[in-house]
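Novice: One structure follows; several queries about it will come next.
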Amino acid sequence: MRIPKIRDYVIKNLKYIMKPRSIAIIGAAREPGKIGNQVVKNLIDGGFNGKIYPINPKADQILGLKAYPTVKAVPDDVDLAIIVVPARVVKSVIQDCVEKKVKGIVVITSGFSEVGNRELEDEIVSMCRKYKIPLIGPNVVGVLNATQKVNASFGPKLPYKGKIGFVSQSGALVIALIGWTWNQRVGMSTIVSIGNKADVDFSELIVYFAEEDPDTNAVALYIEGLDAGPEFVEACKRASKKIPIVALKAGISERGSLAAMSHTGSMAGSARIYRAVFKQAGVILAENLEDLYDRSLALSLQPPARKDLIMVITNGGGAGVISTDAAEKYGIPLQDTPRDLVPKMKQYMPPFGSAKNPVDLTGMARPEDYYGAVVDALKHPEVGGVVVLYCHTAITNPMDLAKKMYEASKVAENENKPLVVCFIGGEEVDRASIWLKENGVPTYPSPMRAMSAMGALREYGRLLEKL
Ligand code: ACO
């Protein structure tokens, strides 16, 4: 059901869903491998340190924890109820939750508006709204909070811990990509699967992350369809003063929009309309899933670029040329190196290098040359941010360069300017990239991806200038 407006009680109470102290799993099945059993196991394995209450009328114990026949029988307060019973039973267990005064509900169960059962969905939403209990779902994978170690889902494990709050209309997609967050060190604070978004939708989660969650620095959205457009615009405008929002809109082709309809009951709408809505809302667009993660990673780790002049510093001419094209594509066309910066750049290169932007330190560049050039560029008052490109050569140990770039990132932090790195090469280079990301420096394997990330940082900087 469409949200009537952005509701204060939802924004205040979402913390009971994202950071609960006690969780009841209603439909905690006895058999390993069933979803209700897995949610209990995930909470235990994820290291949740609050209270876990399995609810199952046919069991005394689930995975070594005392089970209760109904949520009403739990002796303590329950912050969050996760519902994993078949659709026909959901209404009666929500009635129990209302009587128990639980503070938030997540309905994992499928079989609602996505298959035409809108009446039942509307009934459960009306109950929750009447008693001011926010409801996430139905038809979701659950909620995962890496900071608080809450894996209230049937996803494989918690994501790699970081600063991105990810809200997704697809549950399967996000949990499938959890392994990838570990491989790529794309850190998430929270993942929320919102499925049919029958009650709480994107808008209120966006405001929650911006205003109530200090663990989140950037919001990433996977959107199939919006049904409360004006509230979405209002929420994004309100939130983007504090936090950047990046969105991937799927279902833009004719057939893709039909697929979205049967997946989560969403009206997908045309790409043109969405683009206009996102622009009005101050949302930064992503081209695909990889770009969504790339852009939100940079925005979660770095300050926005406050000036248009982005310096690119490379050891390879080819990478520099690609980055120049990419810079135009991503709205940060490269400008000339400021005059007084040219002699400084020349100190770090042989005579056949180039101090033009992109600055080519040549294949002879040593980590200390990169460091000097990057720091001088960062300190120049006209420069808004720096992109470092490194093509692997046998004369440089990529880990030595990574360590120098980490030192440079501390200078960037002091200057309040973004630094984005691109390391191109094989296994050795990948290890250095992972290390840099673990230490808070967004690092990418191609110039295109690094420039897209810097483009997003500048876009957010421009947005803040307008607010
Ligand atoms: N209170 C508490 N527990 C109850 C109640 C009740 N009122 N009624 C039944 N139960 C128990 C059952 O006894 C059972 O436990 P048991 O196995 O120990 O007997 C447990 O609840 C589950 O009930 P089942 O009838 O066995 O249901 P099942 O586990 O097969 O399915 C489920 C339930 C998982 C919710 C299913 O209906 C469903 O919706 N599956 C899809 C979930 C999904 O994919 N969600 C979307 C994810 S996003 C994506 O795209 C992947």
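Novice: Output the residues belonging to segment 73-90 that are crowded, with 16+ Cβ neighbours inside 10 Å and either within 11 Å of the ligand (Cβ to nearest atom) or polar (S, T, N, Q) (or both).
Specialist: Ala81, Ile82, Ile83, Val84, Val85, Ala87, Val90
Novice: Now for a different question. Give me the pairs, please: first residue somewhere in segment 363-378 and within 15 Å of Tyr406 (Cα to Cα), second residue anywhere and assigned to a helix (DSSP H, G or I) and among the aliphatic types (A, V, I, L, M), beta-carbon distance under 6 Å, and either six or more positions apart or on two chains.
Specialist: Cβ pairs passing all conditions: Pro367/Leu401; Tyr371/Ala408; Ala373/Met345; Val374/Ala408; Val375/Ala408; Val375/Val411; Leu378/Val411; Leu378/Ala412.
Novice: So how many residues does segment 35-72 have that are more than 14 Å from the ligand (Cβ to nearest atom) and touching a helix residue (DSSP H, G or I) at 6+ places or on another chain (Cβ under 7 Å)?
Specialist: 1
Novice: Let me ask something else about it. Which one of Ile26, Ile17, Ile11 is within 14 Å of the ligand (Cβ to nearest atom) and either out of contact with any strand residue (DSSP E or B) (no Cβ under 7 Å at 6 or more places or on another chain) or hydrophobic (A, V, I, L, M, F, W, C) (or both)?
Specialist: From the options Ile26, Ile17, Ile11, the qualifying one is Ile26.
Novice: Can you pull out the helices (runs of 4 or more DSSP H) entirely within segment 169-255 that have at least 3 residues that are of a type outside the set (A, V, I, L, M)?
Specialist: Counting at least 3 such residues, we get 178-184, 202-212, 229-239.
Novice: Within segment 132-154, is there a residue that is part of a helix (DSSP H, G or I), over 19 Å from Pro86 (Cα atoms) and among the aliphatic types (A, V, I, L, M)?
Specialist: no
Novice: Suppose we keep only residues that are among the hydroxyl-bearing types (Ser, Thr, Tyr) and not in a loop (DSSP other than H, G, I, E, B) within segment 319-357. Which one would you say is surrounded by the most Cβ atoms within 10 Å (Cβ to Cβ)?
Specialist: Within segment 319-357, the match that is surrounded by the most Cβ atoms within 10 Å (Cβ to Cβ) is Ser323.
Novice: Given the condition modelled with pLDDT under 95, β-branched (Val, Ile, Thr) and within 10 Å of the ligand (Cβ to nearest atom), answer yes or no: does some residue in segment 151-174 qualify?
Specialist: Checked segment 151-174: at least one residue is modelled with pLDDT under 95, β-branched (Val, Ile, Thr) and within 10 Å of the ligand (Cβ to nearest atom).
Novice: Mind checking which residues of segment 1-48 are over 17 Å from Thr109 (Cα atoms) and among the small types (Gly, Ala, Ser)?
Specialist: Ser22, Gly46, Gly47
Novice: Considering only residues of segment 108-142 that are aliphatic (A, V, I, L, M) and without any contact (Cβ under 8 Å) to a residue 40 or more places away in the chain, which is nearest to the ligand (Cβ to nearest atom)?
Specialist: Only one residue tops the list, namely Val115.
Novice: Aromatic (Phe, Trp, Tyr) and closer than 23 Å to Asn42 by Cβ: is that true of Tyr160 in this structure?
Specialist: yes
Novice: Determine whether Ala394 is modelled with pLDDT under 95, of a type outside the set (Lys, Arg) and either in a helix (DSSP H, G or I) or surrounded by fewer than 24 Cβ atoms within 10 Å (Cβ to Cβ) (or both).
Specialist: Against the criterion (modelled with pLDDT under 95, of a type outside the set (Lys, Arg) and either in a helix (DSSP H, G or I) or surrounded by fewer than 24 Cβ atoms within 10 Å (Cβ to Cβ) (or both)), Ala394 qualifies.
Novice: Right, something else. Residues in segment 343-357: is at least one free of Cβ contacts under 8 Å to residues at least 24 places away in the same chain and aromatic (Phe, Trp, Tyr)?
Specialist: Yes - at least one qualifying residue is present in segment 343-357.
The values are calculated or read from the model by the stated rules, or taken from the named source; none is laboratory data. This is a predicted model, so every value here is computed, not measured. Neighbour counts are summed over all protein chains in view; Cβ atoms, including those assigned to glycine, are modelled from backbone coordinates with ideal geometry.
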